[in-house]
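Data block below; observations after.
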Amino acid sequence: MKKIYNIAWKDIKNRFSNPTELMFFLVLPIIFTYLLSGTIGSSGETYQLLVVDQDQTSLSGQLVEGLDAAGSLQVELISNDDVEAATEEDNTAAILTIPAGFQECLYRGDSIDLALEETGDEGAYDAAEQQVFTAVEQMGQVILAANVSMVEYEKRGEFADDTARNMYYEESYIRAEAAFIDLPQRVEMRTPDEGVIYERENASNVQASAGQLITWVFIPLLATAVVLADERTTGTLRRLFTTPTNKATFLLGTILGQLLAAWVQMALLVIFGIHVLGIDWGNSIPGLVVLLLAFSLAATALGTLLGTLARSTEQAGGLAPITGMVMALVGGCWYPGELFSDTVKTVNQFLPTTWALQGLNDLGLRRLGLVEILPEAGILMIFAAVFFALAIWRFRYE
Amino acid sequence: MVKLLVIGLKDLKVAFRDRVGWIMLVGPFALTLAMGFVTGAFSVSTGEPAIEATKVVVVNEDEGELGEAMVTWLRDESLHAVLNITVESSAARARDHVDEGDFVAALILPFDFSEAILGAEGLEQESPIEMYVYPGQPIRVSIVRSMIERFVARVDAGVVSSKVAVSGLIGAGLIQPQEANKVGREIGEAQVTMESGAAAGITVQSQRVEEEEVDIQPLALLAPSMAMLFLMYTVSGIGGRSILAEREDGTLPRMLSTPTDGAWILGGKVIGVVLVGVAQLAIVIGATSLLFKLEWGDTIGVVVLIVAAVFGAAGWGILLAAFARTTEQVSTMGSALMLFFGLLGGSFFGGGSFGGVLGTIGKITPNAWAQEGFAILAGAGTLADLQGTILGLVVMGSLLFSVAVLVFRRRGLMRC
C-alpha cells in the first residue's frame, strides 16, 4: 500500500512542480465555465435604439414606452436634425422612425409603416429589430382590438363627428390595453420535481457548467497516457521493476495519483459552480459523488489505454488532448446535445463523456437521486472495466 | 538574407519531422469533422434538415372547441419541421413518456380550457395548459413554449377584441346586455376567420445595410476556426519552443560562435515559425478544399490572409518564447494560450464571438481577426474587403515582435 501511495505522490509532485499546470487544473476551467455558463449575460452590451418620433401623439408616445419595456437596448428619443450625427455613433444599433400621421392612420383603421434603419453592428441590429417587433406586436394586438371595436360600432351606427370617433377609438384602445395587461397565465411549466420552477437560464447554466467540468477533468485524466509513455520511454519503468514492485502496484499507484488530482479538481469546480455561479447540482450529494467517481475511473482507464498505445511521450501528449476534445464535443459538452441529430446521438452513446453529462443533467436538472443515476454510473464503470482490461492486456515494460 | 532563410527552412523541416508535428495537421481535421458532425453542417450541405423536429405529446382533455383547434394547429403540415406531435389520452402516461425521455414536453389541455377563455367569465378565469417538460433540453422546451404562447396570444387577441367591442356597443346603447354573448361570439369567430375587416395596423420596414446574399457553407466557418485554434498551438507550442530549445540543446551558442549576428538568428527563427504556420494553414485549407469541397473564396485574398494571420499569431509565439524560461514552460503556456484565445476569439463557436466588452477584448487574438477575414472571403469578398483585417493582423504581429525583441535583448538571450 505504501508503494502505491509513494508512486501516486511522486506523480502528483511531478505534475505540479511546474506552476503553469495550475492553468489547466483550475484557472482555464474556471474562466471557460464562467464565460460559457451565461452568467455574464449581456452586461457588456451598451447599444442604443434611437427613435425619431415625427408624430408626437399619445399613440406614438405609447409605442416608445412599449419599446422601452420590450428589450434590453436603451431607447432614446432624438430629433430629425440629430439623425445624421447619431448614425455615426458606435453604440447606435438602429434608428426607428415613427412617421407623422401615425395616430391618425391607426384611428382610421389604416395600416402604417415604421422604418427601422441599420446603422452598424449586425448583431446589435438583430437585437434592436427583435425589440421593435415585440413592442409593435404587443401594440398591434391592442390596435386590432380597438379597430374591431370601431368596425363593429360603424356596422350598427354612425359617429356624430370625427371628435366622437376619435374619442371612441381612444376609449376602446384603453380598455383593450387594460384587458391585455390583466390576462391570466395561460401556460404553466412543470418539471418532474414539483418544488422546482422551470427556468431556461438555470437549465442552460447547469448544462454549460457540467460540460466544462467534464471537459477539463477528462483531458488531464487522458494525460495519464503521457505519464505511462514517459516512464516507459525514459527507462524509469524498467528501473522500477528491478525493485520488488509488480505491474499492478505500479499501475495502481499511477492511476491513484491521477485520480486524487482529478477528485480535488472536480470538488473545486463543483464548489466554484455553487458559490460563484449559483449552479444547483441537485439534491443528491451521494449521487454526485458516485457519478463523478465513476466518470473519473472511466477517463483514467481510457488514459491508461492510450498510454499503452502511444509509442512516445510526444505521441501520447498529442493524442490525449485531441481525443479528449473530440469526445467532449461529440458527447455534448460544448454544444447543446439536445440539438444533435439522431445519428450523432447514437454514436455518442459509445462515449463516456455522454453518460457523464447525462448523469450530471439528471442530478442538476431532473433532480434525480443516487438510485436513478446508477444506470449512468454503471455504464461508466463498464467503460472503466473494458478500458482497464485492454490496457493491462496491452501493457509493455519497454 | 540567405542565412535567415536557411535557419527558417531548417526549422520548417524539423517541425514536420517532429512526432508532435502531426497534431497540428490532424487536430484541425479531427475537430472540424467533429464540429461538422454535431452541428449538422454536413446535413446542411446535403440539404437535409440539420435539427430534427421536437417530440411533443399532447393530451386534449378540453370539452370545448379550442382544444381541438389547438391540436389541429400543432399538427398542421407547416409545423412538421419544428414539432413532431403525438396525441395521447392519459395525462399520467404522457408525463411518464417525458420522464422516460421519449418526449421533450407533454401538453395537457385542461377540461375547461375553452370555457376559461371563451366563457362568460372569460379573461379573468385561470385554467392554464400544463406544459410538463424534460428539463435537460432547454432550447427545445423554449421552442415549444413559444409556439404554444403564439397560439394562445392569437386566441386572446380575438377574445379581447370581442369583449372590448361588446362593452363599447353596450355603452353606446347599440346592443342590449342580453345580446352580449351572441354578438361577442360572432365577433370572436370573425376574428379567427379574419372576416372582421379590422387590420392589425403597424408594419416594420427593416432597412438593413445592403449586402449581397451569399450562401456560405457552415464548414467554411468551422474549418478556419479550427485551423486558427491549432495555428496558435503551432506558433507558440512548437515555434516558440524551438527558440528556447536551441539554447537548451546548446545549438544556439554554436550558431552564435559563427559570424552570424544574434538578431539574424532570431530573425531566422521568426521566419521558421512563420513558414511552419503558413505550411500548416496551407495544408489544412488545401486538404479541406479537396476532401469537403470547401470553397475558401478569392485565392489571392486567402494567400494574403494566411500570411497575415500567421504573422499575427507568430508574434504571440515569439513573445511567449521571450518571457518563458524553459521549453516545458513555453509548451504549457502555448497550450493555455491556444485554448484561451480559442475561447476569446470565438474559435470554439465556429467563428462567432462574444458581444460587448468581451468581443472587443477578443480583438487581441489573431483568431478573431483571421476568422472574420475568412468569413468575408467565404461570403464572396475579395482582397480589397480585407484591408482592415490584414492591417489589424500586421499591426498585432509587428507590435508583438518589437516587444519580444526588446525582451530578448534585455535577457541577453541572443548572446553567447
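None of the figures in this text is laboratory data; all of them are computed from the coordinates on show. These numbers were taken from a predicted model, which means no experiment stands behind them. Glycine also receives a Cβ, built like all others from the backbone with ideal geometry; neighbour counts cover every protein chain displayed.
Taking each residue of A:15-28 in turn, how many C-beta atoms of other protein chains fall within 10 Å of its C-beta, and what is the average?
Mean shielding by partner chains, rounded to a whole number: 3.
Taking the Cα atoms only, what angle lies between the long axis of helix B:327-344 and the longest principal axis of chain B, rounded to 10 degrees?
Result, in degrees: 30.
If r is the Cβ-Cβ distance from B:L290 to A:S312 and R0 is 22 Å, what FRET efficiency results, to the nearest 0.05?
With R0 = 22 Å, the Cβ-Cβ based efficiency is 0.15.
For the pair B:T360/B:E77, report the inter-label distance in nm, with labels modelled 7 Å from Cα in the Cβ direction.
Computed distance between label sites B:T360 and B:E77 equals 5.2 nm.
Leaving out same-chain residues fewer than 8 places away, which lysines sit with a Cα under 29 Å from that of B:K3?
Cα-Cα hits under 29 Å: B:K13, B:K269.
Roughly what angle does helix B:2-17 make with the longest principal axis of chain B, taking Cα atoms, 0 to 90 degrees, to the nearest 10?
Around 50 degrees separate the two axes.
Please give the peptides A:330-341, B:67-78, A:99-110 ranked by average Cβ packing (other Cβ atoms within 10 Å per residue), highest first, as a rough proxy for protection.
Numbers: A:330-341: 22.2, B:67-78: 14.2, A:99-110: 17.8.
Descending packing order for the listed peptides: A:330-341, A:99-110, B:67-78.
Give me the distance between the Cα centres of segment B:262-303 and segment A:326-341, rounded to whole Å.
30
If the cut-off is a Cα-Cα distance under 17 Å, which lysines reach A:K155, setting aside same-chain residues fewer than 8 apart in sequence?
B:K163, B:K182
If each residue of separation counts as 0.36 nm, what is the full-extension length gain between B:Q178 and B:Q205 once their alpha-carbon separation is subtracted? Please list the in-between numbers first.
Numbers: separation 27, 0.36 × 27 = 9.72 nm, distance 4.41 nm.
Going from the current span to full extension adds 5.3 nm.
Name the residue, out of B:G36, B:G359, B:G342, whose mean-square fluctuation peaks in a Gaussian network model built on chain B with Cα pairs under 10 Å.
Highest fluctuation among the options: B:G359.
Restricting to chain B, what percent of DSSP beta bridges are antiparallel, rounded to 5?
On the way: 4 of 14 bridges.
For chain B, the DSSP antiparallel bridge percentage is about 30.
For segment A:48-181, how big is the tail of P(r) above 26 Å, as a whole percent of Cα pairs? Could the numbers behind the result be given before it?
Numbers: 2523 of 8911 pairs.
Above the 26 Å cut-off, segment A:48-181 has 28 percent of its Cα pairs.
What does the highest-first list of B:366-372, A:350-356 look like by mean Cβ count within 10 Å? It would help to have the intermediate numbers written out before the result.
Details: B:366-372: 27.4, A:350-356: 23.7.
So the peptides B:366-372, A:350-356, ranked by packing, come out B:366-372, A:350-356.
May I ask you to compute the full-extension gain from A:D81 to A:R394, defined as 0.36 nm times their residue separation minus their alpha-carbon distance, rounded to one decimal in nm?
Numbers: separation 313, 0.36 × 313 = 112.68 nm, distance 7.84 nm.
Full extension of this stretch gives 104.8 nm more.
Which angle between 0 and 90 degrees, to the nearest 10, do you get for helix B:65-74 versus the longest principal axis of chain B when only C-alpha atoms count?
Long axis of B:65-74 versus the principal axis of chain B: about 30 degrees.
Could you pull out every one of the lysines with an alpha carbon less than 22 Å from that of A:K13, ignoring same-chain neighbours closer than 8 positions?
Correct list for A:K13: A:K2, A:K3, A:K247.
What percent antiparallel are the DSSP beta bridges of the protein assembly as shown, to the nearest 5?
Numbers: 8 of 39 bridges.
Beta bridges within the protein assembly as shown, antiparallel portion: roughly 20 percent.
Quick one, could you list the DSSP H helices from chain A stretching 27 Å or more along their long axis (Cα atoms) with average Kyte-Doolittle hydropathy of 1.0 or above?
Details: long enough: A:122-156 (49 Å, -0.15); A:162-181 (28 Å, -0.55); A:200-222 (33 Å, 0.43); A:247-275 (42 Å, 1.57); A:285-309 (36 Å, 2.06); A:370-394 (35 Å, 1.86).
Both cut-offs are met by A:247-275, A:285-309, A:370-394.
In whole angstrom, how far apart do the alpha carbon centroids of segment A:136-162 and segment A:355-398 sit?
Result: 64 Å between the Cα centres.
Return the distance in nm (one decimal) between the two label points of a simple spin-label model at A:A164 and B:R254, each offset 7 Å from Cα along Cα→Cβ.
Calculated label separation equals 10.7 nm.
On a C-alpha basis, how far is the centre of segment A:200-276 from the centre of segment A:49-71 in Å? Whole number, if you could?
57
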